[in-house]
Every structure is written in C-alpha cells, then in structure tokens.
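In what follows, a single structure is set out as structure tokens and then discussed.
The values are calculated or read from the model by the stated rules, or taken from the named source; none is laboratory data. Keep in mind that this is a model prediction, so the values were computed, not measured. Glycine also receives a Cβ, built like all others from the backbone with ideal geometry; neighbour counts cover every protein chain displayed.
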Amino acid sequence: MRNKIRVFLSLMAAAALACGCVKTLNLHDTTMDSEYEPDKVSTYYLWKALQIDDVNVNGIDIKPYFDWFDSFQLEIRRTDGKITGIKMNNGNIPHDMYGFNLPTEEVECYFDNSVQPNAIRRKSDDQIVAVFRKGVVCMEFNMDCKTVSYRFMFSGKNN
Amino acid sequence: MRKNRFITIFLALAAVAAMVFSCIEFKSVIWPSDPKANSEMEVTIQVQLVPETEHNGHFVLAFVAPKSWKVSETVQATYSATNAQVGGQLITITDEAMVLANDYTEPTTTMPYSSAMLSQYGVLGNTGPVEWIVLRGTTYLNLDGSGTHPTTTADVKVKFKTGPNNIKFFSAFVTCLSDNGFNTDHDGEFIISDTQMIKVTGGSGNDDFTVLHYVSTTPQTFRYGDYVSIEFVSSIDGNDTALYGESQVYLNATCTLADGTVKEGPKTLMTRSGDETYFKYIYPKSFFGVGQNAEIVDMHVWFTNADGSIVVTDGTEGFEVSQASE
C-alpha cells in the first residue's frame, strides 16, 4: 500500500513539473520568433485561381490548366510590422485582373481592417488590391461576365 | 425477446417523432398543362405547415427556371394562408405579396438564398443555363408549436413570363421558413417537390435542357473575355459520334471579331476526363491570338482525331459556343 502511495505521489510530482514547463503564448511572443522581422518584403506566389459562378459556388481551380499562372508574383512590404507597400508581377498572364493597371513598381499601400474581409488598399486612390480571407492573401475580381468571378489565392511557396 | 420488444418500441417512437417533425409538406404543385412561349405562365402550389416544433420566419419558396426568361423581372406571386400564427394569434393571411429574396441570406450556409439553393440542390439535371428564383412572404410567421398546433395551409400562385423559344427543362419547388433555412436539426423543415419536366411550345428554336449535348461549357454562362472550359461528349445514350472510343481528341475553333475578321485557333489536344468525355480550358482572346482590346462576337468549335481524318462538327461552321448577353 505504501509503495502504491509513493508511486502515485511520484507521478503527481512529475505531472506538476511537466505542467510547469508549458509556456503560455500570447501575441507578444510572436515577436520572439527568430524568423519574425518587422521590416521585410515577402514574396507570394499564386496557389489557386478559383473561377466562381452560380453553379460552382465554391469555385473551380483553373490554375493547373494555364502555365502562365506560375509566373505571377506578389510582393508585400512590411515596415515596423505594418503593411506599407505592394508590388505585383503579372508575369505572362495576358489580361488585367482589375479595372485598373496593376502596379509593376512598388506602390504605397495600407492595411484596412475596417472592412470585411480585411483589405490592402493602394494609398493613392484607396483601391483594394488584395484581401485577407482566413489569413490567405487573395485577389478578387470579375473579367467579362458579371456572374463569373475569380479569386486568386496566394501562398508563400511556389508550387 | 426483451431485446425485440425494445427495438419495436424504439421504432414506434421513431415513427411518431418523424410524424411530429414532418412540418412542411407540398400538397400539390400544378404547372400549366400546355405552356406557351412568350406568354404568362401561372403555377399553383399548396403547402402545408404543421407547427409541432418552434419555427419562425418568412415563408420562403424557390423554383428553377431558364435564365433566358429573366423571371426576376416579371415574376408576381401571391399567397393566402389559413390558421397562420402571427404574433401569438391565429390569422388568415390573404393575397399577401411575395418579394424576391436574392439578397436574403440562408442561415446555415450564410449564402444568398439563390446561391444556397444551387449549393444544396444543383441545377436539377438541366444541361442549359437555369437559375433559382427565390421568393419570400412579407409576413413574419411565429409557428411556435404552442397551444392547439393548428395546421397552416398556404395557397401560392406564381406568375411569370416565358421566353420566345421552345424549351424543355426540369423544375421543382423548394420551401422552408427563412429563420430555419436548411437547418437539419429536425427532419422535414425544408423540402423539395418532385422534379417535373416542363415543355414550352409555340415559339421558335428548340432548346432542350433535359438531355446531354455533345458540346457544353463550364461555366454554363460566360463571356468571351472569361476563362472557359469547352467540353465534348463522344456518345450520348448510345448515339456514338465518329470520335467515340478515340483516346486523343483535338479541339478546333474559329471566332469572328467585331470587324468581321475570322480567326482560327490552334488545333489543341483535349484532356480525356472519362470514357466519352473530353475538355479543354481556354482563354479565348489568347487562344485566338487576338489581343486584349479585340471584341469576339461569335465562336464555333469542332473536334478531330490526331491526323484530322475523323471530324465531328455541326453544320458548316461547327458547334456554336455562344456567350451571355452583357
């Protein structure tokens, strides 16, 4: 019986020690990440090019059918941890995504969390150039038919 | 023995529960027997609501119609309901107008009701462009299941104008209460009627959305400035085309520009997606090499094997692949 109590107490002590090793993370801890850099230019590549219409409401990924999507790049500059600039390289894609020309040089922009989804707006004219959906950078636009829309989703890796 | 008795009691209780929660039911859906093109069509629907559980919301009714009819521009709907519970009282609603609910959100999907209907029920097997028209009553019903649980019967009349073409398509009606939507906590809270084939005659042309076509597109509705998948079926219901069984099928296409110039695209290998099905995504302006500012006004396609000795086409120009009007 005494042995059982000893084993039990030992296990309790070990458990308490183990719990003491767990560190609670909060938002400030993200800056302790060795890879976190408040001033950084991140490059994004097209991950999915969804075509969305009345029938295919979740979208069909058309990226696999056109090689030119591989050449599309998006660069977002962060300064002091805030989004301050954006640059797009349309690559070989033969059409514009928006009703205005994409910036081929870096342009000043800002993060707008007053709209849903949160957006990156061009500073000069407040045009939305990208949005964040569940943490994914997206460009959303129509081309010719108003019932067909496109959502380009970006990731940090070139697939 | 005891186990069998338990199962019997369980099944009996389940049956009673199913009856209790069968809250919405179509009693009848009556389409006109011989609808005509370019005419007014009236559909009469009777829906029964049994308020055994707590249900609130506007009465929602949706149905499928060809997109070309632009039903939302002509639709008029009225309904009358007896024993409707409104604000804790039983009243009879008469001649209550129904309004379009395009911007109304279905609560379980959080999509507009017309998109939610597509997501839930698709296009009912139609092979041509159709859409869900969604209407809702203006009176907010409180079917809270308290008191005597009266049955509410709603008589609905939906009128709209047909298009100029002869057409065959599938349609059905769906109903639910707006606050509940597609909630499946209990059975029978939203329901779809039997699908019916509607045949409209007396017009021009012959659109048949009830059969597969040798050529189709995804999206069904698009314009030449969009990405589009051209799809080919080499056999339908035993009617084989000359390309049936070919492992490699090539897309050939021409387009006409606004200035009358005809351009031919490159012969392009299609992806085989099934024994008899092939597709190829194109961006027409690049496929025909016409530049971003060019205006394509029509497009025709035909299909060949690798050496071009076998051709499947329609008429002299090929199958027409038409774009939506702006």
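A few notes on this one:
- Scope segment A:60-77; condition within 11 Å of chain B (Cβ to nearest Cβ) and either under 17 Å from A:VAL131 (Cβ atoms) or crowded, with 16+ Cβ neighbours inside 10 Å (or both); matching residues: A:ILE60, A:ILE62, A:LYS63, A:TYR65, A:PHE66, A:TRP68, A:PHE69
Condition check ((1) within 14 Å of another protein chain (Cβ to nearest Cβ); (2) free of Cβ contacts under 8 Å to residues at least 40 places away in the same chain) across all residues:
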{"site": "B:VAL215", "(1), (2)": "no, no"}
{"site": "B:GLY225", "(1), (2)": "yes, no"}
{"site": "B:SER234", "(1), (2)": "no, no"}
{"site": "B:PRO266", "(1), (2)": "no, yes"}
{"site": "B:LEU269", "(1), (2)": "yes, yes"}
{"site": "B:THR277", "(1), (2)": "no, no"}
{"site": "B:LYS280", "(1), (2)": "yes, no"}
{"site": "B:TYR283", "(1), (2)": "yes, no"}
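- Per-region count, segment B:315-326, residues acidic (Asp, Glu) and in contact (Cβ under 8 Å) with a residue 24 or more places away in the chain: 2
- For segment B:114-132, the candidate set comprises residues that are touching a residue at least 40 places away in the same chain (Cβ under 8 Å) and either in a loop (DSSP other than H, G, I, E, B) or more than 12 Å from every other protein chain (Cβ to nearest Cβ) (or both); within that set, the residue that is nearest to B:SER193 (Cα to Cα) is B:LEU124.
- Failed item in (1) hydroxyl-bearing (Ser, Thr, Tyr); (2) at pLDDT 85 or above; (3) crowded, with 17+ Cβ neighbours inside 10 Å, with B:TYR121 passing the rest: (3)
- Matching residues in segment A:103-128 - criterion: being at pLDDT below 90 and under 16 Å from A:GLU75 (Cβ atoms): A:PRO103, A:THR104, A:GLU105, A:GLU106, A:VAL107
- One residue stands out among those in segment B:272-315 that are buried (at least 19 other Cβ atoms within 10 Å of the Cβ) and basic (Lys, Arg): the one that is nearest to the chain's Cα centre (by Cα), which is B:LYS280.
- Where a residue in segment A:138-150 is more than 19 Å from A:ASN118 (Cβ to Cβ) and within 11 Å of another protein chain (Cβ to nearest Cβ) and its partner, wherever it lies, is among the aliphatic types (A, V, I, L, M) and part of a loop (DSSP other than H, G, I, E, B), with Cβ under 6 Å and at least six apart: A:CYS145/B:ALA324
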